[in-house]
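Bear in mind these aren't lab numbers, they're just calculated from the coordinates by the rules spelled out. Fair warning: this is a prediction, and the values are worked out from it, not measured in the lab. Reconstructed Cβ throughout: ideal geometry from the backbone, glycine too, with neighbour counts over all protein chains shown.
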């Protein structure tokens, strides 16, 4: 059951950092519905993990049109990220379940920094 106390969607955001962690409260869980890694300082691999277990990794480059998590800079045309693409094209969202009170982390494998945003929806802990 989706919880709407904070509204339909929650966000965590940080500027020029090498990692970002989101953790739902202990009485609720979450579905991460989007991760945006923009303005990277260097080409790098970014690891997404839940409860210290890797769920995926993404290659984020500083230039190019194939940016999975969004456009690389304000000077380039806006690209659809993989999460929006999945919802629009294959009609199936990409989500990462986060059990109640467990951390979801986005971290650079190397030393790159970037603007990172995590988008999530809160759900009851029985749904995960």
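In the list 49, 26, 41, which residue meets the criterion of being over 20 Å from residue 115 (Cα atoms) and either surrounded by fewer than 18 Cβ atoms within 10 Å (Cβ to Cβ) or in contact with a strand residue (DSSP E or B) (Cβ under 7 Å, 6 or more places away or on another chain) (or both)?
Only one candidate passes the filter, namely 26.
For the range 10-26, which residues satisfy the criterion of being outside any strand (DSSP E or B) and under 15 Å from residue 97 (Cα atoms)?
Hits for the range 10-26 are 23, 24, 25, 26.
Regarding the range 32-39, can at least one residue be identified that is assigned to a loop (DSSP other than H, G, I, E, B) and free of Cβ contacts under 8 Å to residues at least 40 places away in the same chain?
If we filter the range 32-39 for residues that are assigned to a loop (DSSP other than H, G, I, E, B), which is where we start, we get 39.
Narrowing further to those that are free of Cβ contacts under 8 Å to residues at least 40 places away in the same chain: none.
No, that holds for no residue.
Please give the number of the condition residue 62 fails out of (1) surrounded by fewer than 19 Cβ atoms within 10 Å (Cβ to Cβ); (2) closer than 22 Å to residue 127 by Cβ.
Failing condition for residue 62: (2).
Return the pairs, sorted by first residue and then second, in which the second residue is surrounded by 14 or more Cβ atoms within 10 Å (Cβ to Cβ) and not in a loop (DSSP other than H, G, I, E, B), the first residue lies in the range 91-104 and is free of Cβ contacts under 8 Å to residues at least 12 places away in the same chain, the beta carbons are less than 7 Å apart, and the residues are 6+ apart or on different chains.
Short answer, once both residue conditions are applied: 92/86.
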